[in-house]
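> Pasting in a structure now, in structure tokens, and then I'll have a few things to ask.
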Amino acid sequence: MSLEIIGITVLWTFLFGYVIVASIDFGAGFFNAYSQFTGKEHILNKIIQRYLSPVWEVTNVFLVFFFVGIIGFFPKTAFYYGTTLLVPVSIAIILLAIRGSYYAFETYGTKGHRGYSFMYGLAGLFLPAALSVVLTISEGGFVFLVDGKPVLDYWGLFTSPLTWSIVVLSVAAVLYISAVFLTWYARKAKDWQATKAMRKYALIWAGPLMISAGGIVYELSFHNEAHFNRMMELWWIFGLSFLLFLGTVWLIWNRIKYGLAVILLIGQFALAFYGYGFSHYPYLLYPHLTLYDSFTNEAMAIALITAFIAGLALLLPSLYLLLRLFLFNQNYVQGRTK
Amino acid sequence: MVNDNALMYSRFLTELTLSFHIIYATIGVGVPLMIMIAQWVGIKKNDDHYILLARRWTRGFVITVAVGVVTGTAIGLQLSLLWPNFMELAGNVIALPLFMETFAFFFEAIFLGIYMYTWDRILNPRKHLMLLIPVAIGASFSAVFITIVNAFMNAPQGFDLVNGELINVDPIAAMLNPAMPTKVAHVVVTAFMTSAFVLASIAAYRLVKGSNHIYHKKALFLTMKLGFVFAVATAIIGDFSGKYLAKYQPEKLAAAEWHFETEEKAPLLLYGYLDDGEVKNAIKIPYALSILAHGNPNAEVIGLDQISEENTPPLYIHYLFDIMVTIGMWLLFLSFIYWVGTVRGWSLVKTKAFHWLIVFGGPLAIIAIEAGWWMTEVGRQPWVLRGIMRTADAATSSDHVDTMLLLFSGLYTILAIGTIVILTRMFRNNPVEQELQDRKRGGWR
Ligand code: HDD
Ligand code: HEM
Ligand code: HEM
């Protein structure tokens with residue numbers, strides 16, 4: 001494997017980690033706000049607090065890791081994406097900031113105001129929308145070089161059906177991932193009411209997820225034909241992903257094996273995510289930037305990969321400890337210990 | 001082809017975000033160590049008051065960490081959004097410590113989560129204390145790594161620039177640049193010092209407000225002692241920082257000292273103001289600049305006459321330098337008097353007036369941090385990478401920076417108000433006296 005491929009694989013893996021962990025987080029915030037809004041707060045509140053509390057900061061680090069890593073491995077992305085993404089990414093930062101700080105204020109500070117959790121929930125829906133714009137831009141057609149400087153065509157972006165399909169997909173995915181995960185988590189906590197509510201949400205959001213995913217493939221067929229054709233070459237990956245999706249829905253529908261459902265769900269998204277990534281290869285930004293012409297020098301690449309391996313050796317055991325204490329500890333999950 | 005508006009607003013936004021982040025970052029670096037020390041003292045002396053101290057500090061700490069994390073995420077992204085040309089170059093040479101910093105965050109975040117949620121679960125207090133070690137290490141190392149990046153901006157090395165092409169990149173050499181040792185040491189030690197004085201302010205404030213509880217007195221004595229130790233270290237390392245500047249960035253030292261003429265036996269100027277290029281009303285300490293710069297009263301110190309006009313940093317950094325050094329000396333003095341006075345039983349240090357002076361110590365230390373950063377960053381101008389890339393060439397060409405500046409100003413206002421409100425409410429609704437009583441009855445919250 002070339003250094004470029006190793007680099008992008010590492011980064012893509014962390015981004016995938018972020019997508020899953022953050023989706024659970026964003027979705028949970030939304031369900032929490034929604035249940036408060038409809039007056040059923042006590043069903044979900046406890047479960048969600050219990051899951052979110054110990055991990056929220058870790059979630060954010062996944063994102064930081066990705067954007068710091070991409071500047072390290074592919075410094076030219078700073079020039080192209082840095083210049084063009086000012087507005088969408090700034091909005092995302094502000095939403096993240098509101099979410100992160102209000103969460104901490106409410107959890108550790110004083111017991112909450114309804115307005116907080118409402119904003120918190122809403123920010124969780126706008127965030128995937130704001131962040132997914134980056135994917136849309138990467139498909140090309142929205143960035144032009146003017147006097148050698150990249151410029152973003154906001155109007156084109158805003159009016160493109162592709163943008164909106166990707167936004168819908170990201171929101172549906174967030175709610176679906178989160179609902180499936182929390183169904184399992186609530187069952188583990190022996191909280192039957194919450195299990196029931198989350199199961200319903202999981203089934204509700206399965207439909208929009210698939211419809212919007214199909215919509216994107218269709219949009220791509222004329223927006224970026226090269227990418228579409230490469231996706232078609234990899235059709236079996238997406239097919240497999242779809243089968244796993246059916247598996248998850250089937251399990252949830254029949255109220256069995258929620259743990260397996262979560263594993264299938266992760267498999268489904270992993271296949272789709274890596275399939276999308278492979279078919280995007282070698283472009284980081286159609287048609288301006290590829291993996292190869294943006295790559296850092298060899299010395300830096302080797303140093304980064306070495307640091308990465310050393311870092312993982314440190315992190316994996318600690319992450320395991322965290323998960324064991326909070327996610328897989330029966331007593332904690334069921335609320336018997338604080 | 002520089003977009004002047006974008007440049008100006010990018011500067012404002014960077015200054016704003018960093019100045020805001022540094023407050024939380026400094027507390028984030030220093031407070032874990034203080035918590036660790038308090039908990040350790042509590043275990044060793046078998047004294048519940050120190051354990052409770054550690055616990056209450058931790059509660060406040062998570063709030064500051066949260067804001068530190070979100071503002072840190074903001075600055076991390078803004079560096080690429082506002083200074084894409086700089087980050088493209090820097091990414092090639094100095095990405096390694098930036099990347100390692102994320103591991104330090106990761107490590108800290110994981111263990112902080114565990115520490116927070118195991119107060120009542122792990123029965124052995126020594127074991128629980130062990131969980132803090134990775135938190136403190138992670139926090140200190142995030143400061144170390146980010147400061148290495150900043151040191152590189154002041155003394156870039158580890159690559160060759162041939163016809164605009166970067167070659168022979170050596171990431172390790174870039175990290176081990178000459179600015180690194182003093183900068184890293186000064187930043188870390190000042191973070192410890194500031195955290196100690198901030199915590200001392202809180203304890204002193206309680207005493208001023210009429211509490212007479214021994215808990216606050218213990219807290220005050222502990223933090224003032226620590227503050228004194230770190231203030232001494234700060235002054236010593238500050239002196240080394242001056243020597244570094246004299247050797248590698250003479251223009252910064254000369255501008256900070258209004259040292260216009262290269263000369264031997266150079267005097268140090270404190271305070272004063274500039275009137276048409278004339279220094280007025282300054283206190284002149286003979287030989288002191290030569291000593292600060294080279295450790296030798298007869299040494300020659302380079303003045304601004306040897307620096308070309310276009311490479312001279314703004315002269316107002318002199319005031320910033322004065323603010324930092326004055327506060328450093330004042331806090332050193334104050335904590336020394338408090339320590340000696342407490343040991344010897346002077347009644348002076350128990351007066352309300354003296355406690356008020358300590359209350360102001362925390363905010364002053366933060367002002368010193370801000371002044372220090374502004375001095376070194378403005379003193380690097382006009383360069384973003386000294387001698388390699390000018391700030392004006394590094395900025396984005398985007399047209400929307402002014403709007404973003406407004407949005408972020410709003411955000412930081414909200415965050416600042418939120419932090420203050422939450423922290424005061426948190427401690428007011430749950431005073432120590434109350435908590436100690438609850439504890440006796442066997443119920444922790
Ligand atoms: C509590 C805060 C604080 C206090 C009391 C002091 N400093 Fe400081 N100083 C900093 C906080 C700071 C800082 C914020 O940490 C800086 C800014 C950037 C840096 O590297 O450290 C800094 C930078 C800095 C520099 C510039 C280094 C460079 O540009 O590379 C010098 C020469 C000094 N300091 C010297 C001193 C001296 C002689 C002090 C006498 C007591 C002193 N500082 C007290
Ligand atoms: C955390 C404490 C810091 C503060 C308060 C701070 C403050 C400042 C200030 C006031 C300027 C503007 C100087 C001017 O334009 O006259 C500046 C410039 C800059 N700083 Fe720092 N800085 C800090 C640390 C850092 C670090 C660690 C980095 C690098 C990783 C950094 C990156 C930059 C960049 C890229 C600029 C160029 C923009 C400019 O010159 O305006 N800063 N900073
Ligand atoms: C010398 C000045 C700085 C110091 C001492 C410092 C230190 C810290 C600390 C202690 C935190 C809190 C982390 C935690 O508790 O988990 C933090 C957060 C953060 N800082 Fe800074 N920082 C500085 C400047 C910067 C700069 C210039 C950048 C941009 C490259 C930056 C990027 C970040 C990021 C991305 C986070 C959030 C990390 C997370 O998600 O956990 N910091 N910083």
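The values are calculated or read from the model by the stated rules, or taken from the named source; none is laboratory data. Please read these numbers as outputs of a predicted model, since none were measured by experiment. Positions of Cβ are generated from backbone atoms using ideal geometry, with glycine treated the same way; all protein chains shown enter the neighbour counts.
> Among B:ILE51, B:ILE23, B:ILE35, B:ILE43, which is the only one that is within 16 Å of ligand 1 (Cβ to nearest atom) and assigned to a helix (DSSP H, G or I)?
Just a single option satisfies the conditions, and that option is B:ILE23.
> Related question: Could you please tell me which pairs satisfy a Cβ distance under 7 Å, a separation of 6+ or placement on different chains, a first residue in segment A:60-73 that is more than 7 Å from every other protein chain (Cβ to nearest Cβ), and a second residue that is assigned to a helix (DSSP H, G or I) and of a type in the set (Gly, Ala, Ser)?
Taking only residues 6 or more apart or on different chains, the pairs are A:PHE62/A:GLY17; A:PHE73/A:GLY7; A:PHE73/A:ALA301.
> Continuing with this model, one more query. Can you give me the number of residues within segment B:57-71 that are more than 8 Å from ligand 3 (Cβ to nearest atom), of a type in the set (Val, Ile, Thr) and facing chain A (nearest Cβ under 7 Å)?
So the count comes out to 3.
> Output the residue which, of all residues in segment B:58-98 that are more than 18 Å from the chain's Cα centre (by Cα) and among the aromatic types (Phe, Trp, Tyr), is farthest from A:TYR81 (Cα to Cα).
Filtering segment B:58-98 for residues that are more than 18 Å from the chain's Cα centre (by Cα) and among the aromatic types (Phe, Trp, Tyr), the one farthest from A:TYR81 (Cα to Cα) comes out as B:PHE86.
> Working only within segment B:116-144, note down all residues that are aromatic (Phe, Trp, Tyr), within 19 Å of B:ARG56 (Cα to Cα) and without any contact (Cβ under 8 Å) to a residue 60 or more places away in the chain.
The one that is aromatic (Phe, Trp, Tyr), within 19 Å of B:ARG56 (Cα to Cα) and without any contact (Cβ under 8 Å) to a residue 60 or more places away in the chain: B:TYR117.
> Right, next: Enumerate the pairs (first residue in segment A:175-197 and within 18 Å of A:TYR34 (Cα to Cα) and at pLDDT 85 or above; second residue anywhere and buried (at least 22 other Cβ atoms within 10 Å of the Cβ) and acidic (Asp, Glu)) with beta-carbon separation below 9 Å, excluding pairs fewer than 6 apart on the same chain, so at least 6 apart or on different chains.
Matching pairs, first to second residue: A:SER178/A:ASP25.
> For segment B:113-138, which positions are at the interface with chain A (Cβ under 7 Å from one of its Cβ atoms) and among the hydrophobic types (A, V, I, L, M, F, W, C)?
The answer is B:ILE114, and nothing else.
> Moving to a separate point now. Looking at segment B:273-302, I want the residues that are outside any strand (DSSP E or B) and have a partner that is of a type in the set (Lys, Arg) with Cβ atoms under 6 Å, at least 6 apart or on another chain. Which pairs are those?
Final answer for the pair search is B:TYR287/B:LYS265; B:SER290/B:LYS265; B:ASN298/B:LYS265.
> Which one of these does B:PHE159 not meet: (1) at pLDDT 85 or above; (2) away from ligand 3 (no atom under 15 Å from the Cβ); (3) aromatic (Phe, Trp, Tyr)?
Exception for B:PHE159: condition (1).
> Now a separate question. Give just the number: which of (1) within 14 Å of ligand 1 (Cβ to nearest atom); (2) among the hydroxyl-bearing types (Ser, Thr, Tyr); (3) modelled with pLDDT under 80 does B:SER308 not satisfy?
(1)
> Additional query: Among the residues of segment A:198-217, how many are within 17 Å of A:TRP250 (Cα to Cα) and touching a residue at least 40 places away in the same chain (Cβ under 8 Å)?
8
> For segment B:386-400, which residues satisfy the criterion of being part of a helix (DSSP H, G or I) and touching a helix residue (DSSP H, G or I) at 6+ places or on another chain (Cβ under 7 Å)?
Listed by number, the residues that qualify are B:ALA392, B:ASP393, B:ALA394.
Matching residues to (1) at pLDDT below 90; (2) assigned to a helix (DSSP H, G or I); (3) over 23 Å from the mean Cα position of the chain (by Cα):
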{"position": "B:ALA365", "(1), (2), (3)": "no, yes, no"}
{"position": "B:ILE369", "(1), (2), (3)": "no, yes, no"}
{"position": "B:GLY372", "(1), (2), (3)": "no, yes, no"}
{"position": "B:THR376", "(1), (2), (3)": "no, yes, no"}
{"position": "B:VAL384", "(1), (2), (3)": "yes, no, no"}
{"position": "B:ASP402", "(1), (2), (3)": "yes, yes, yes"}
{"position": "B:LEU406", "(1), (2), (3)": "yes, yes, yes"}
{"position": "B:ALA416", "(1), (2), (3)": "yes, yes, no"}
{"position": "B:GLU433", "(1), (2), (3)": "yes, yes, yes"}
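> Could I ask something else about it? Scan segment B:50-66 residue by residue and report those that are in contact (Cβ under 8 Å) with a residue 40 or more places away in the chain and more than 16 Å from B:PHE427 (Cβ to Cβ).
B:TYR50, B:ILE51, B:VAL65
> Next question, about the same structure. Regarding segment B:36-48, can at least one residue be identified that is closer than 22 Å to B:THR194 by Cβ, within 8 Å of chain A (Cβ to nearest Cβ) and surrounded by fewer than 21 Cβ atoms within 10 Å (Cβ to Cβ)?
No, the conditions are met nowhere in segment B:36-48.
> So, restricting to helices (runs of 4 or more DSSP H) that lie completely within segment A:250-326, which ones have at least 3 residues that are under 19 Å from A:PHE16 (Cβ atoms) and among the aromatic types (Phe, Trp, Tyr)?
Answer list for segment A:250-326: A:258-280.
> From the list A:ILE98, A:ILE93, pick out the single residue that is out of contact with any Pro (no Cβ under 6 Å at 6 or more places or on another chain), within 8 Å of chain B (Cβ to nearest Cβ) and surrounded by fewer than 23 Cβ atoms within 10 Å (Cβ to Cβ).
A:ILE98
> How many residues does segment B:236-250 contain that are within 14 Å of B:ILE291 (Cβ to Cβ) and more than 8 Å from ligand 1 (Cβ to nearest atom)?
4
> What residue, of B:TYR215, B:TYR244, is in contact with a helix residue (DSSP H, G or I) (Cβ under 9 Å, 6 or more places away or on another chain), among the hydroxyl-bearing types (Ser, Thr, Tyr) and within 30 Å of B:LEU315 (Cα to Cα)?
So the residue among B:TYR215, B:TYR244 that is in contact with a helix residue (DSSP H, G or I) (Cβ under 9 Å, 6 or more places away or on another chain), among the hydroxyl-bearing types (Ser, Thr, Tyr) and within 30 Å of B:LEU315 (Cα to Cα) is B:TYR244.
> Can B:ILE167 be described as of a type outside the set (Ser, Thr, Tyr), modelled with pLDDT under 90, surrounded by fewer than 23 Cβ atoms within 10 Å (Cβ to Cβ) and touching a strand residue (DSSP E or B) at 6+ places or on another chain (Cβ under 7 Å)?
Answer is yes for this residue.
> Which members of segment B:271-297 meet the condition of being hydrophobic (A, V, I, L, M, F, W, C), crowded, with 17+ Cβ neighbours inside 10 Å and under 13 Å from B:ASP322 (Cβ atoms)?
Residue satisfying the conditions is B:ALA282 alone.
> Another one. Working only within segment A:205-226, note down all residues that are within 22 Å of A:LEU285 (Cβ to Cβ) and within 18 Å of the chain's Cα centre (by Cα).
A:ILE216
> When you go through (1) under 29 Å from the mean Cα position of the chain (by Cα); (2) away from ligand 3 (no atom under 12 Å from the Cβ); (3) without any contact (Cβ under 8 Å) to a residue 12 or more places away in the chain one by one for B:GLY113, which number turns out not to apply?
Of the numbered conditions (1) under 29 Å from the mean Cα position of the chain (by Cα); (2) away from ligand 3 (no atom under 12 Å from the Cβ); (3) without any contact (Cβ under 8 Å) to a residue 12 or more places away in the chain, the odd one out for B:GLY113 is (2).
> Select, from B:SER398, B:SER409, the only residue that is closer than 13 Å to B:PHE20 by Cβ and not β-branched (Val, Ile, Thr).
B:SER409
> For segment B:229-270, give me each residue that is under 14 Å from B:LYS183 (Cβ atoms), aromatic (Phe, Trp, Tyr) and surrounded by fewer than 17 Cβ atoms within 10 Å (Cβ to Cβ).
Within segment B:229-270, B:PHE240, B:TYR248 meet the criteria.
> OK, next. Just checking, how many residues over segment B:72-92 are more than 7 Å from every other protein chain (Cβ to nearest Cβ) and of a type in the set (Val, Ile, Thr)?
Going through segment B:72-92 one residue at a time, the tally reaches 1.
Residue-wise test of (1) crowded, with 24+ Cβ neighbours inside 10 Å; (2) out of contact with any Ser or Thr (no Cβ under 9 Å at 6 or more places or on another chain).
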position: B:PRO125; (1), (2): no, yes
position: B:PHE152; (1), (2): yes, yes
position: B:ALA155; (1), (2): no, yes
position: B:ASN163; (1), (2): no, yes
position: B:PRO171; (1), (2): yes, yes
position: B:LEU176; (1), (2): no, yes
position: B:VAL184; (1), (2): no, no
position: B:ALA196; (1), (2): yes, no
position: B:ILE202; (1), (2): no, no
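> Go through (1) farther than 30 Å from A:PHE222 by Cα; (2) aliphatic (A, V, I, L, M); (3) over 24 Å from the mean Cα position of the chain (by Cα) one by one and return the number of the condition A:ALA202 breaks.
Going through (1) farther than 30 Å from A:PHE222 by Cα; (2) aliphatic (A, V, I, L, M); (3) over 24 Å from the mean Cα position of the chain (by Cα) one by one, A:ALA202 breaks only (3).
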